[in-house]
Amino acid sequence: MTQPRPRHLFLAASAFAVLMTAACGGTTIDGAQEENDSGPSGTADPNAEIPEGLQIDFLPKQLNNPFFDIVNEGGTEAVEEVSGTATERGGTEATADSQVEYINAASQAGSDVIVIAANDPDAVCPALDEARDNGAAIVGYDSDANCTDVFVNQSTTELIGRTLVEMISEQLGGEGTFAVLSATPNATNQNAWIAAMEEVLEEEEYADLELVETVYGNDDDLQSFQEMQGLMQSYPDLGGVVSPTTVGLAAASRYISDSEYKGEVAVTGLGTPNQMREFVEDGTVDQFALWNPLDLGYLAGYTGAALKAGQITGAEGETFTAGRLGEFTFETDREIVLGPPQVFDADNIDDFDF
């Protein structure tokens with residue numbers, strides 16, 4: 001792992017300019033934010049000091065997921081900077097039931113902040129509400145729940161959806177069929193990105209592209225591999241697949257790389273450079289995208305500490321400083337945005353190490 005990069009790491013990459021001209025959207029996980037009626041409360045004190053010894057718990061969708069391992073590393077970095085204690089909790093399956101168990105464990109342990117990537121927008125809320133009643137501030141990231149105090153968004157829904165469509169369109173020459181290999185059916189971020197893709201596909205420029213089916217690998221490597229295999233059996237002339245989940249993208253790439261479809265079926269989506277490097281080098285994948293997961297976890301950790309300290313409440317217009325990432329402003333109630341995604345390809349992938 002290289003040393004952590006600053007917030008504007010991606011500005012140096014040439015592909016960033018393409019993304020910036022593609023779109024600048026509103027907030028991501030739009031539906032989840034609209035349904036959350038908990039609202040900011042109290043009055044922020046930007047000069048409040050973050051107390052030492054905060055207990056901050058990180059609940060990823062599942063443990064042993066490469067993406068969330070890096071997110072948690074960034075979160076731990078932030079918590080240590082504010083002299084707190086970071087604890088990672090969770091199961092190996094991406095289920096809401098598993099998360100409820102660990103939310104309850106964090107609450108019973110006296111957690112000051114729970115930082116969660118929700119597997120279901122509603123099922124985890126009773127446990128999170130109880131944890132809040134016990135004194136915990138609730139921060140969502142990656143995939144929001146309808147009961148968080150604030151949500152740390154990795155990018156914008158519209159920009160991610162558009163980027164995914166642009167990548168598959170470029171690789172298919174603007175025409176053909178493709179499928180989506182998603183994570184879980186109830187993942188708020190996955191569903192929001194897919195919905196954004198469908199809206200972009202309605203534009204005249206993409207009239208010759210057809211999304212034929214969306215399947216779910218439940219962020220399990222073997223199941224995602226099998227779903228990719230099933231797609232090719234169902235659609236032997238499929239032009240490509242888009243997987244907006246790191247587990248699914250790696251599994252789909254592995255299947256295609258060892259099959260007769262290598263070089264014939266385009267594979268793209270969201271993944272980490274280290275995870276996808278071999279598939280770019282062997283020609284299976286031309287390009288894919290992601291944000292910096294280390295920075296996402298870092299920002300989520302700082303946001304939780306600032307929220308608990310009272311520096312912020314999550315109200316629109318509030319500003320706070322998140323360590324090495326610098327200053328952030330809530331452009332809308334409850335939501336802070338890390339920044340735009342980065343497109344990786346053979347020309348720039350070796351510039352990144354995460």
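The values are calculated or read from the model by the stated rules, or taken from the named source; none is laboratory data. Everything numeric here is computed off the predicted structure, so don't read it as measured data. Cβ placement follows ideal geometry from the backbone for every residue including glycine, while neighbour counts extend to all protein chains displayed. The area values use the complete protein model at the heavy-atom level, side chains included, leaving out ligands, DNA and RNA. Shrake-Rupley method; radii C 1.70, N 1.55, O 1.52, S 1.80 Å.
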**Report entry** Area of F225 that stays accessible when all protein chains are in place (1.4 Å probe, Å², to 10)
**Finding:** 50
Query raised in the report: How much accessible surface area, in Å² rounded to 10, belongs to the heavy atoms of F67 with a 1.4 Å probe?
Result: 10
Requested in this report: Of all alpha-carbon pairs in the stretch 279-354, indicate the percentage at a distance above 15 angstrom.
Outcome: 62
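In terms of solvent-accessible area of protein heavy atoms at a 1.4 angstrom probe, what is the ranking of Y235, Y141, Y302, highest value first? If you can, show how the numbers build up before the last one.
Details: Y235 70, Y141 0, Y302 30 Å².
I get Y235, Y302, Y141, largest accessible area first.
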Query raised in the report: For the stretch 148-197, rounded, prolate or oblate, judged on the Cα gyration tensor with a ≥ b ≥ c (square roots of eigenvalues), a/c < 1.5 rounded, else prolate if a/b > b/c?
Result: oblate
Query raised in the report: Is the shape of the stretch 145-249 rounded, prolate or oblate, going by the alpha carbon gyration tensor and its root eigenvalues a ≥ b ≥ c, with a/c under 1.5 for rounded and a/b larger than b/c for prolate?
Result: oblate
Requested in this report: Select one label from [x] 200; [y] 118; [z] 173: the one whose number is volume of the Cα convex hull per residue in Å³ as derived from the coordinates shown.
Outcome: [y]
**Report entry** Whether the stretch 201-354 is rounded, prolate or oblate, judged on the alpha carbon gyration tensor where a/c under 1.5 counts as rounded
**Finding:** prolate
Query raised in the report: By accessible area of protein heavy atoms, probe 1.4 Å, what ranking do D208, D347, D221, D295 get, highest first?
Result: D347, D208, D221, D295
Query raised in the report: What fraction of the Cα pairs in the stretch 205-277, stated in percent, has a spacing above 22 angstrom?
Result: 16
Requested in this report: List the residues whose amide H sits under 5 Å from the amide H of A266, counting only those 5 or more places along or on another chain, with H placed 1.01 Å from N in the peptide plane.
Outcome: G240, V241
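Viscosity 0.890 mPa s, temperature 25 °C: Stokes-Einstein D of the stretch 85-149 from its Kirkwood Cα radius, in µm² per second? All intermediate terms of the calculation are to be shown ahead of the outcome.
Values: Rh = 11.4 Å.
Taking Rh from Cα pairs, D becomes 216 µm²/s.
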Requested in this report: Report, in debye and to the nearest 20, how large the dipole of the chain comes out about its Cα centre when Lys and Arg carry +1 and Asp and Glu carry -1 on their Cβ.
Outcome: 820
Query raised in the report: So how do L59, L222 rank on accessible area, 1.4 Å probe, biggest first, that is with the largest at the start?
Result: L222, L59
**Report entry** Inter-part distance where the stretch 233-288 and the stretch 113-177 are each reduced to a Cα centre, Å
**Finding:** 23
Query raised in the report: How much accessible surface does R324 have with a 1.4 Å probe, in Å² rounded to 10?
Result: 70
